[in-house]
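Participant: The structure that follows is given in the form of structure tokens.
The values are calculated or read from the model by the stated rules, or taken from the named source; none is laboratory data. Treat the numbers as computed from the prediction; the structure is a model and nothing was measured. Neighbour counts are summed over all protein chains in view; Cβ atoms, including those assigned to glycine, are modelled from backbone coordinates with ideal geometry. We work out accessible area using only protein heavy atoms, side chains counted, and drop any ligands, DNA or RNA first. Shrake-Rupley method; radii C 1.70, N 1.55, O 1.52, S 1.80 Å.
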Amino acid sequence: MTTKTIEHDVSDIGQAGAGERRIQWAAREMPVLAGIRERFAKERPLTGLRIGACLHVTAETANLMQTLAAGGADIALCASNPLSTQDDVAASLVANDDISVFARKGEDRDTYYTHINAVLATKPQLTMDDGADLVTELHTKRRELLANVKGGTEETTTGVTRLRAMASEGVLAYPIVAVNDALTKHFFDNRYGTGQSAIDGVLRATNLLLAGKTAVVAGYGWVGRGIAARLRGMGAITIVCEVDPFRALEAAMDGFEVTTIADAASRGDLFITATGNVNVIGKEALAKLKDGAIVANAGHFNDEIDLATLTSLASGCRELRPLVNEYRLRDGRHVVVLADGRLVNLAAAEGHPPAVMDMSFANQALSVEYLIKQGRDLQAQVYPVPRELDEHIARAKLDAMNMKIDQMTEEQRTYANSWKAGT
Ligand code: NAD
Ligand code: ADE
């Protein structure tokens, strides 16, 4: 462990050893990122680049930070959620990797923003966000720092939605790569990653038996599809609520019952929201929840469960287990909220397993390199991860998994591109 002179604010630097081992454990499942790190260490494409990152501070994120540092970047990192920090990992990044980390699990809102501002104070030339809080703070309160910034990346659906809104209002000040939209990101991270880790969070928090329970999933996007599939796999009778008719139809043809949240409210034992929207379990649904219903959220912000209304209906609230709060309603019912309505997979479990974050963070690392090499030609818009990088990651992951795929023959390529051949 080196003597610490770099700026940081972590819960307990003494946990660095445990964090280091956890980071190494995750690394075993992150071979694609490891390949990039090896190349970055030789080529140093990010030499001197100041990166400000606002991500979930997990063992997987630590592997990304080490990769960027191997490429020559100077990094300051804060949390993208007040409950998602792994304190031992935060300590290890400071103690063993000389990375400035400002993150404590359970930090309050003021500390969360103090930490974001500590990262901004390092005058980042590149921002890396998960949910666009760093970008929003920079564009609203720290505009004097915008001139330093060459580009940025965004990890999640909600962040990309917000950045697109900024771009269409003409207020986005620099180009941002939408990592979320890479196929090797949302196909796997949002679906299989959240599908597994959201269930993991619910089970670690509650020790609930899912078999035979009625579970309601709100949102049948990438995240909702994964969660619904895994709930069904664990034996839960699974209902899906949607607002999009195509996705609702898809859920129906995937074999789920589809109905409104108002109808599902009185039937569910467990609710998981995954919409990126606000008050999805709102007044009407809260009025109908059955006694003992458990509600949790897997969408980015803690806006999906109307906690203000729930609080106004309650005569009291007690913590039954860590991250399990039971609200006692004046009409005699009890409603159980997990992780204060924040991302249940990161607050109550460890987030996605490293094998899936391998691809998400390979996209992050290659997108940073792309922005450094090509950024000058980009406008202040939201850009996709270039297709060739996405495909490179897919092939590298298949390779690491020892899976081979076929290649078209010349004859097949010609056939596939022609229109004249018929019956
Ligand atoms: P998506 O756009 O693919 O899916 C969201 C779905 O919710 C859409 O089908 C939409 O029609 C539906 N929806 C919107 N409002 C609704 C409402 N009131 N009721 C029912 N359905 C509604 O997005 P996604 O990639 O699935 O992401 C969903 C959320 O999860 C986002 O906030 C995203 O940032 C977050 N996310 C979380 C994690 C995690 O680790 N927990 C990982 C990836 C994404
Ligand atoms: N988002 C979801 N799971 C994650 C993880 N394990 N690390 C960082 N960000 C995440």
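Participant: Assign one of three labels to segment 82-138, namely rounded, prolate or oblate, based on the Cα gyration tensor with a ≥ b ≥ c the square roots of its eigenvalues; rounded applies when a/c is under 1.5, prolate when it is not and a/b is larger than b/c, and oblate otherwise.
Facilitator: oblate
Participant: Also: Where nothing but the Cβ of Lys and Arg (+1) and of Asp and Glu (-1) is charged, how large is the charge dipole of segment 1-124 around its Cα centre, in debye to the nearest 20?
Facilitator: Its charge dipole is roughly 360 debye.
Participant: Moving on. Given R₀ = 60 Å, what would the calculated FRET efficiency be for R143 paired with E410, taking r from the Cβ atoms and rounding to 0.05?
Facilitator: 0.60
Participant: With Kirkwood's inverse mean 1/r over C-alpha pairs for Rh, give me the Rg to Rh ratio of the chain, two decimals please.
Facilitator: 0.99
Participant: With springs only between Cα atoms under 10 Å apart, run a GNM on the chain and tell me which of F102, F361, F256 wobbles the most.
Facilitator: Looking only at F102, F361, F256, the biggest GNM fluctuation is shown by F256.
Participant: Here is the link list: K42/K404; K42/K373; K213/K288; K185/K283; K185/K397; K373/K404. Which ones come out longer than 23 Å on Cα distance?
Facilitator: K42/K404; K185/K283; K373/K404
Participant: Per residue, how many Å² of accessible area does the chain show with a 1.4 Å probe?
Facilitator: On a per-residue basis, the chain sits at 45 Å².
Participant: Considering only G422, A274, M65, whose Cα is most displaced toward the positive end of the charge dipole of the chain, charges sitting on Cβ of Lys, Arg (+1) and Asp, Glu (-1)?
Facilitator: It is G422, whose Cα lies furthest towards the positive end.
Participant: For segment 194-238 and segment 116-177, what is the centre-to-centre distance using only Cα atoms, to the nearest Å?
Facilitator: Rounded to whole Å, the Cα centres lie 33 Å apart.
Participant: Another question, if that's okay. Say we join alpha carbon atoms closer than 10 Å with springs in a Gaussian network model of the chain; which of R22, R387, R104 then has the biggest fluctuation?
Facilitator: Result for the chain, Cα springs under 10 Å: R387 fluctuates most.
Participant: Please find the FRET efficiency linking A380 to E319, where r is the Cβ-Cβ separation and R0 is fixed at 41 Å, and quote it to the nearest 0.05.
Facilitator: 0.35
Participant: When the chain is modelled as a GNM with alpha-carbon springs shorter than 10 Å, which of G235, G351, G224 fluctuates the most?
Facilitator: Among G235, G351, G224, the largest mean-square fluctuation in the Gaussian network model of the chain belongs to G235.
Participant: Right, here's the next one. In the full protein assembly as shown, how much of D269 is accessible to a 1.4 Å probe, in Å² to the nearest 10?
Facilitator: The value for D269 is about 40 Å².
Participant: Using a 1.4 Å probe on the protein heavy atoms, what percent of the accessible area of the chain belongs to carbon and sulfur?
Facilitator: 51 percent
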